[in-house]
Ligand SMILES: [Zn+2]
């Protein structure tokens, strides 16, 4: 029996929000990005193995990794 495994990383753009940047301290819009790695069998995604979030400042362009908990705090209003 032949099985073909692989990993696939997909990025998804999430609605960002204005926040004060920790680098340039400007109150600017921040882009939020979800990066998820999925285990694939015959190129079909089976389940997500890891999920990480990145936030990018639109003023200085610096990105920082945030945890899922921090991301939930940002998305929730
Ligand atoms: Zn900034």
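Pairs of Cα atoms under 8 Å, at least six residues apart: use those to get the relative contact order of the chain, whole percent.
Once normalised by length, the contact order is 27 percent.
Comparing 64, 52, 36, which has the greatest mean-square fluctuation in the GNM of the chain with Cα pairs linked when under 10 Å apart?
Looking only at 64, 52, 36, the biggest GNM fluctuation is shown by 64.
Would you calculate a helix-derived [θ] at 222 nm for the chain, using -39,500 (n - 2.57) for each DSSP H run of n ≥ 4 and dividing by the full residue count, to the nearest 500? Walk me through the intermediate numbers first.
Numbers: 1 runs with 8 residues, N = 77.
Taking each H run of at least 4 residues, the total per residue is -3000 deg cm²/dmol.
Please give, to one decimal in nm, the separation of the simple spin-label points placed at residue 26 and residue 10, each 7 Å out from Cα toward the Cβ.
Using points 7 Å along Cα→Cβ, the separation is 3.3 nm.
With N set to the residue count of the chain, report its C-alpha Rg divided by 2.2 N^0.38 Å to two decimal places.
The value comes to 1.39.
No lab work stands behind these numbers, since they all come straight from the coordinates. What you are looking at is a predicted structure, and each value in this text was computed from that prediction instead of being measured. With ideal geometry, Cβ positions are generated from the backbone for all residues, glycine too; neighbour counts draw on all protein chains shown.
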